[in-house]
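Notes for the one structure printed next.
Since every read-out is calculated from the coordinates, none of them should be taken as a lab result. Since this is a predicted model, take the numbers as computed values, not measurements. Glycine also receives a Cβ, built like all others from the backbone with ideal geometry; neighbour counts cover every protein chain displayed.
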Amino acid sequence: MRTTIFYVITFLLGLGMIFLGSRFFWSPEVATAGYGIHYNAQGDYSFHYIKGIRDIFSGLIICVFVLLNERRALGVTLLAGTMIPLTDMLIVLSKSYNSLLQAVPHIIAIAICAVFGILLLAAKPQSEKL
């Protein structure tokens, strides 16, 4: 039962990442501001698309591992993936115009990835499929 709850929350996290990544394609300026940086792209959204596709891929791989009931792969991916929001947080905090408030979404992502990665790796395998 506990693993199922971890899967549901993690699947929602994956969907959220797909949404956030897609936003870098649909509305790059809004997505950049939501990320926590100010960037004048002057119409060239190449870096926005790089960030967007990274988030879409990460979200997809999380959702696929949940759907395939790959608990260990999901746990390792989340734990290793903690480096992404950690680096994002450091980038946001390196900007003089930001405060801790802009880093909060990244801090939450760090906590979710680390905690759920550890919990999924520590959980006993379930015989039932989702």
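From the alpha carbon centroid of region 1-50 to that of region 85-111 is 14 Å. Secondary-structure-derived ellipticity at 222 nm for the chain, considering helices only, amounts to -25500 deg cm²/dmol, per-run term -39500 (n - 2.57) for DSSP H runs with n ≥ 4.
Mind giving me the FRET efficiency for Ala111 and Leu15? R0 is 22 Å, r the Cβ-Cβ distance, nearest 0.05 is fine. For R0 = 22 Å, the calculated efficiency reads 0.75. Among the chymotrypsin sites (Phe, Trp or Tyr not before Pro) found in region 1-39, those both in a DSSP coil and sparsely packed, with 16 or fewer other Cβ atoms within 10 Å of their Cβ, are Tyr39. For a paramagnetic label modelled on Val30 (point 7 Å from Cα along Cα→Cβ), amide N atoms under 20 Å away belong, within region 87-113, to 102, 105-106. The relative contact order of the chain comes to 29 percent, based on Cα pairs under 8 Å that sit 6 or more residues apart. Using the Kyte-Doolittle scale, which helices in the chain average at least 1.6 and also have C-alpha atoms spread 30 Å or more along the helix axis, with helices defined as whole DSSP H runs? Both cut-offs are met by 100-122.
Each peptide among 92-101, 44-53 gets the average number of other Cβ atoms lying within 10 Å of its residues, and from highest to lowest they stand as 44-53, 92-101. Sequence-distant contacts, meaning Cα pairs under 8 Å at least 6 residues apart, place the relative contact order of region 73-125 at 54 percent.
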